[in-house]
Amino acid sequence: MSTTLKNTGVDPNTGKSYEHRREWVESRFIELVGAFAIDIAAYAVMSNHLHVVLRIDIESANRWTDREVVEHWHLLFKGTELTQRFAKGELVAERNLAQLKHTIAQYRSRLSDISC
């Protein structure tokens, strides 16, 4: 049997409050906006769902340097051994440059795409 939360965010069967989840959602939004080239124009956190209006900022992502792209990606994901070395400022062997550039291009694309 499913439990339906009323607009208050309190489970009517147990009396347990889930209001703290609103704060978690808001803090997660702030974290994600810092990593992605996506802005949140508006949002509403309801008791059992949320609404979000997003604006993709592709121009911003295209202005990021390769290092900035990797730094943004690493805010949320581990990346590859190659991108980890690149982020630390270590020299990348010439034979690995094409792979690094390809990975950075993928990261740049994903950081400005809500469907990935």
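The values are calculated or read from the model by the stated rules, or taken from the named source; none is laboratory data. Not measured: the values here are computed from a predicted model. With ideal geometry, Cβ positions are generated from the backbone for all residues, glycine too; neighbour counts draw on all protein chains shown.
For Y43, only one of the following conditions fails: (1) of a type in the set (S, T, Y); (2) touching a Phe, Trp or Tyr at 6+ places or on another chain (Cβ under 7 Å); (3) in a helix (DSSP H, G or I). What is its number?
(3)
Can you pull out the residues in region 93-116 that are farther than 23 Å from D39 by Cα and touching an Asp or Glu at 6+ places or on another chain (Cβ under 9 Å)?
L100, K101
Among H102, H51, which is at pLDDT 95 or above and of a type outside the set (S, T, Y)?
H102
Failed condition for W73, given (1) of a type in the set (F, W, Y); (2) free of Cβ contacts under 8 Å to residues at least 40 places away in the same chain; (3) over 21 Å from R28 (Cα atoms), with all others met?
That leaves (3) as the condition not met.
From the list E31, E19, E23, E59, which one is out of contact with any strand residue (DSSP E or B) (no Cβ under 7 Å at 6 or more places or on another chain), at pLDDT below 95 and closer than 30 Å to I104 by Cα?
E31
Kindly evaluate A61 against the criterion of being out of contact with any His (no Cβ under 8 Å at 6 or more places or on another chain) and free of Cβ contacts under 8 Å to residues at least 12 places away in the same chain.
no
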